[in-house]
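> This is the structure I want to talk about, given as structure tokens.
The values are calculated or read from the model by the stated rules, or taken from the named source; none is laboratory data. Computed from a predicted structure; not experimentally measured. Heads up, the Cβs are rebuilt from the backbone with ideal geometry, glycines too, and the neighbour counts pull from every protein chain shown.
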Amino acid sequence: MALNLDSNIPSGPIEQKWDKAKFDMKLVNPSNKRKYSVIVVGSGLAGGAAAASMGELGYNVKCFCFQDSPRRAHSIAAQGGINAAKNYQNDGDSVYRLFYDTIKGGDFRAREANVYRLAQVSVDIIDQCVAQGVPFAREYGGVLANRSFGGAQVSRTFYARGQTGQQLLLGAYQALERQVDAGSVKMFYRSEMLDLIVIDGRARGIVTRDLVTGAVDVHIADAVCLGTGGYGNAFFLSTNAKGSNTTAIWRAYKKGAGFGNPCFTQIHPTCIPQSGDYQSKLTLMSESLRNDGRIWVPKKKSDTRPANTIPEDERDYYLERRYPAFGNLCPRDIASRAAKICCDEGYGVGPGGRGVYLDFAASIGRLGKSTIEERYGNLFEIYERITGDDPYAEPMRIYPAVHYTMGGLWVDYNLQSTIPGLFVLGEANFSDHGANRLGASALMQGLADGYFVIPYTLGNYLAQVKPGGVDENHPECRAAKDAVQARAAKLLSIKGKKTVDELHRELGKVMWEDCGMARNAAGLDRAIQRIPEIREEFWNNVNVPGSGADLNQSLERAGRVADFLELGELMCRDALTREESCGGHFREEYQTGEGEALRDDEKFCHAAVWEYQGDNQAPLRHIEPLAFEHVHLAQRNYK
Amino acid sequence: MKIILNIWRQQNATAAGKMVRYEMPGVSEHMSFLEMIDVLNETLTRKGEDPVTFEHDCREGICGCCGFMIDGIPHGPQRGTTVCQLHMRHYKDGDEVWLEPFRAKAFPVIKDLMVDRSSFDRIIASGGYISINTGSAPDGNNLPVVKKCSGMAMDSASCIGCGACVAACPNASASLFVSAKITHLGQLPQGQAERDRRAMRMVVKMTEEGFGYCTNTGECEAVCPKGIKIENIARMHRDYIKASVTYRQEAQGGGAG
């Protein structure tokens, strides 16, 4: 079965496409809206904003989260900020420039029309959030403040100290709870989606497991939205929350949704290095720190002197040296790779030589400690808590870590997947960031999709279908429910010798070594051999204690890891077949003489979309060609 | 180093619980407290025993999932720190600690160290928001906000909803949590229209959910991992008293056709 990869981009000039699309959309009469039901899975910026906005419009919304409250969604951990083309700073920003920066930052692997719309609605997001009471940073005159972020030469990032994600999420959460109180949204806590129900070719519902009672339930609706985040935990160690997982989108993939660019992973340059084998996750230090911090390594290999004793002329500020125009503010993929090269060549610092310095001494000297404290106080505190070192007195040690996945379920301009009625929002989709996401753009995309795109495009879909018509006893519902129960029973019956985390770590090691910051054909071939072996061992030798009839965190993790063990292989297959380097996808075989990513626009100016063919069968690779009519294909240059 | 853990084990909401003693050898000073329990759980799983259930997610001190009592203190001994950010370098070889779930009528135990805090969501739903539908907002710079007020709003908005304040309070009051939201929104010009209604509804809801009253013991402020100030509670009381005099239910009038 061929996937329908029609992107449904509206005709006309790029500036007018979204307006035209909105006008062409079918509407649901206000009094008919309550007859339609919508399932939203995930309660972060994308899911939470969508559920609240659809509830405000009068639809019947059921929203699901696996955490104990929608306010826990991992959007809350975003630190740095949110971009918007407000041009409040009078420094030359515009919708077009944000669009341009995002396309270029993504190394020409995102769809122009989607990105243009994202830049357009970015300004509405700030207005909406301010009106909700999000306490953005202000100037003394009372107006909104901005800061700079990587990959841009204008100051367009709005922020709330180092807790921007928290404040934006609380805004969406409060809007959501207001709808819960009004009765238009029913919230399901501690409830995990374990399968998608497709009836007559349309997404019609989900199967969930109540994580407290173990009850497996079917929920039916007229459409399903997934705002379930990214899959960086395929690497085991990442900056994602422990619970972040791929299960919702992976189950949808196995029900026929195309998976776009699974190998596009963002490795964030500024994270706290790993300290031991027990490490459960890695902690991000916001990119905003690069505004005032300078990154360097000693000029001498394996230099073990304390950082502060190394004289100025024996330090290599390698980003400023290699990329003088952008310096410490070059995009994430470039900064990460540069750190890796330094450490590979033996200039790294700290245990194992896997670290570089991020130094604030110059900024503290210039601006004073109190200004630095005001800007980054909470980040410095996090650093000190984790490492025991004081970053006001000595430089931070940082190293890149998996942070974000640009890949995700393929969606058209309307955010609809290849399954009609299944819409995918935020990090869970593949749409806007191409091969590399710029800082402060994830929050923008999540809220754009949830507040300002889905209310239109989902309404347009609903206007063209009849509400209702199926119930929980439909054979597809029963089959999906039985499959979920059988899978849990199987996981619990193995009672093998290895724990879920042990096998997850094994997968993570393979992914990091062979599908991480630098990839090559030999390594990817090896990973494609190795991952099915780990998967085989998982299904024969995993030990999931306890029962399925009550709260069982091991069982929850086992189900998620089983899906990562399948997704990991797909990521490697995608990385192997994309024989070029672009953004975060760096194939060692394809680089310029200076070690920069070398794209192959002749062969790979497209999104790769994978179609599931059955367990242990090679999936099919399709393509959606990408056209660049406004931002002309060029090698990215941050020098 | 070796740490002795005494952990509250309780199979479900209705079962009886008890303290169980575990010895944890080989604890590294660089581990977080939760990573130590991860290692314990791996050991228990290998032995065929039920691992310890505890809530956690971001492990960066921001999601508010984690939290239990360590030696009678929510989130443990280090001030301004969630338990996921507490590191073992603050302990020494041979230390013995006692872990219990947060205890409050409005936070029933679900299993082991995990409790049900959905009462917090219901309090927010009762009025902890500004009513503004998507799409109806004016330009963000139309309404200047005094920098100091914006900063104070941010201080209060930093609350992560972990529930430590309730667990520390002898009355199991949620006043610090509720007042943080009332202060966050009440400091901003956008929050004025609903200020009376918000105070009335949230305070009433807090009582309905089974939380106690505030008697100014100050334990909440002492344990709050985000440094939320007790002065918020004074502000809540002021708003509530004012609202109880001036607030009237909105008239339910129909429009003329």
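> Based on what the data block shows, is A:ASP91 touching a strand residue (DSSP E or B) at 6+ places or on another chain (Cβ under 6 Å) and assigned to a loop (DSSP other than H, G, I, E, B)?
When the stated conditions are applied, A:ASP91 does not pass them.
> Under the condition of being buried (at least 18 other Cβ atoms within 10 Å of the Cβ) and among the aromatic types (Phe, Trp, Tyr), which residue from the range A:348-401 is modelled with the lowest pLDDT?
A:TYR376
> One residue is enough: does the range A:414-423 have a residue meeting the conditions within 14 Å of chain B (Cβ to nearest Cβ) and touching a strand residue (DSSP E or B) at 6+ places or on another chain (Cβ under 9 Å)?
No: zero hits.
> Of the conditions (1) of a type in the set (D, E, K, R); (2) more than 14 Å from chain B (Cβ to nearest Cβ); (3) buried (at least 21 other Cβ atoms within 10 Å of the Cβ), A:ARG97 clears all except one; give me its number.
All conditions pass for A:ARG97, except number (3).
> Where the second residue is β-branched (Val, Ile, Thr) and not in a loop (DSSP other than H, G, I, E, B) and the first is within 22 Å of A:GLY12 (Cβ to Cβ) and lies in the range A:627-639, which pairs have Cβ atoms under 7 Å and are six or more apart or on separate chains?
A:HIS630/A:ILE14; A:VAL631/A:ILE103
> Which one of the conditions (1) within 9 Å of another protein chain (Cβ to nearest Cβ); (2) part of a helix (DSSP H, G or I) does B:THR43 fail to meet, given that it meets all the rest?
It is condition (1) that B:THR43 fails.
> Scan the range B:134-159 for residues that are in contact with a Leu (Cβ under 8 Å, 6 or more places away or on another chain) and at the interface with chain A (Cβ under 8 Å from one of its Cβ atoms) and report the count.
Qualifying residue count for the region: 6.
> If we scan the range B:53-67, do we find a residue that is more than 9 Å from chain A (Cβ to nearest Cβ), surrounded by 15 or more Cβ atoms within 10 Å (Cβ to Cβ) and assigned to a loop (DSSP other than H, G, I, E, B)?
Yes - at least one qualifying residue is present in the range B:53-67.
> What are the residues in the range A:374-429 that are over 23 Å from the mean Cα position of the chain (by Cα) and at positive phi, if any?
Result: A:GLY388, single match.
> Among the residues of the range A:341-361, which ones are of a type in the set (Ser, Thr, Tyr) and under 15 Å from A:THR309 (Cα atoms)?
Of everything in the range A:341-361, just one residue is of a type in the set (Ser, Thr, Tyr) and under 15 Å from A:THR309 (Cα atoms), namely A:TYR357.
> Just the residues that are closer than 30 Å to A:LYS639 by Cα and among the small types (Gly, Ala, Ser), please, taken from the range A:139-196.
Passing the criteria: A:ALA145, A:SER148, A:GLY150, A:GLY151, A:ALA152, A:SER155, A:GLY162.
> Then there's this: Within the range B:116-152, restricting attention to residues that are hydrophobic (A, V, I, L, M, F, W, C) and under 30 Å from A:VAL212 (Cβ atoms), which residue is nearest to the chain's Cα centre (by Cα)?
Among residues in the range B:116-152 that are hydrophobic (A, V, I, L, M, F, W, C) and under 30 Å from A:VAL212 (Cβ atoms), the one nearest to the chain's Cα centre (by Cα) is B:PHE120.
> Pick out the one residue from A:ARG202, A:ARG178 that is of a type outside the set (Gly, Ala, Ser) and facing chain B (nearest Cβ under 7 Å).
None of the other options fit; the residue is A:ARG178.
> Here's something else I'd like to know. Please work out if A:GLY151 is in a loop (DSSP other than H, G, I, E, B) and surrounded by 21 or more Cβ atoms within 10 Å (Cβ to Cβ).
Considered against the rule, which asks whether it is in a loop (DSSP other than H, G, I, E, B) and surrounded by 21 or more Cβ atoms within 10 Å (Cβ to Cβ), A:GLY151 comes out as yes.
> A follow-up question, please. So, in the range A:201-235, exactly how many residues are touching a Gly at 6+ places or on another chain (Cβ under 9 Å) and surrounded by fewer than 24 Cβ atoms within 10 Å (Cβ to Cβ)?
The number of residues fulfilling the criteria is 7.
Quick grid of which residues meet (1) over 21 Å from A:VAL216 (Cβ atoms); (2) within 29 Å of the chain's Cα centre (by Cα); (3) not polar (S, T, N, Q):
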position	(1), (2), (3)
A:LYS481	no, yes, yes
A:LEU503	yes, yes, yes
A:LYS509	yes, yes, yes
A:ASN543	yes, no, no
A:LEU551	no, yes, yes
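> A further question on this structure: What number of residues in the range B:160-171 are under 8 Å from the mean Cα position of the chain (by Cα) and more than 9 Å from chain A (Cβ to nearest Cβ)?
Residues in the range B:160-171 being under 8 Å from the mean Cα position of the chain (by Cα) and more than 9 Å from chain A (Cβ to nearest Cβ): 5 in total.
> Something else now. How many residues are within 12 Å of B:HIS237 (Cα to Cα) and touching a Pro at 6+ places or on another chain (Cβ under 7 Å) when one looks only at the range B:181-225?
Final tally of qualifying residues: 0.
> Determine if the range A:439-457 includes at least one residue that is charged (D, E, K, R) and under 28 Å from the mean Cα position of the chain (by Cα).
So far as the range A:439-457 goes, yes, one or more of its residues are charged (D, E, K, R) and under 28 Å from the mean Cα position of the chain (by Cα).
> Here's a follow-up. B:ILE124: among the aliphatic types (A, V, I, L, M), under 30 Å from B:ALA16 (Cβ atoms) and at the interface with another protein chain (Cβ under 9 Å from one of its Cβ atoms), yes or no?
no
> Take A:ALA339 and decide whether it is in contact (Cβ under 8 Å) with a residue 40 or more places away in the chain and closer than 30 Å to A:ALA252 by Cα.
no
> Turning to a different aspect of this structure: Checking the structure you have, find out if any residue of the range A:68-85 is surrounded by 21 or more Cβ atoms within 10 Å (Cβ to Cβ), closer than 18 Å to A:ASN429 by Cα and not aliphatic (A, V, I, L, M).
yes
> Check A:ASP525, A:ASP574, A:ASP514 and return the single one that is surrounded by fewer than 20 Cβ atoms within 10 Å (Cβ to Cβ) and more than 27 Å from B:ARG9 (Cα to Cα).
A:ASP525
> Follow-up question, since we're still on this one. Across the range A:244-278, which residue is nearest to the other protein chains (Cβ to nearest Cβ) among those that are in contact with a Leu (Cβ under 6 Å, 6 or more places away or on another chain) and assigned to a loop (DSSP other than H, G, I, E, B)?
If we take residues in the range A:244-278 being in contact with a Leu (Cβ under 6 Å, 6 or more places away or on another chain) and assigned to a loop (DSSP other than H, G, I, E, B), then A:THR246 is nearest to the other protein chains (Cβ to nearest Cβ).
> Here is a follow-up. How many residues are closer than 23 Å to A:HIS606 by Cβ, away from chain B (no Cβ under 14 Å) and in a helix (DSSP H, G or I) when one looks only at the range A:427-456?
Total satisfying the criteria: 3.
> Given (1) in a helix (DSSP H, G or I); (2) closer than 30 Å to A:VAL61 by Cβ, identify the lone condition not met by A:PRO467.
Among (1) in a helix (DSSP H, G or I); (2) closer than 30 Å to A:VAL61 by Cβ, A:PRO467 violates only (1).
> Taking the residues in the range A:576-618 that are in a loop (DSSP other than H, G, I, E, B) and aromatic (Phe, Trp, Tyr) as candidates, determine which candidate is nearest to the chain's Cα centre (by Cα).
Within the range A:576-618, the match that is nearest to the chain's Cα centre (by Cα) is A:PHE586.
> Would you tally the residues in the range A:532-591 being free of Cβ contacts under 8 Å to residues at least 60 places away in the same chain and over 19 Å from A:ALA522 (Cα atoms)?
15
> Among the residues in the range B:100-115, are any within 17 Å of the chain's Cα centre (by Cα), more than 30 Å from B:ILE3 (Cβ to Cβ), at pLDDT 95 or above and more than 9 Å from every other protein chain (Cβ to nearest Cβ)?
yes
> Within the range A:56-66, does at least one residue satisfy the condition of being of a type outside the set (Phe, Trp, Tyr), part of a helix (DSSP H, G or I), more than 20 Å from the chain's Cα centre (by Cα) and under 21 Å from A:LEU226 (Cβ atoms)?
yes
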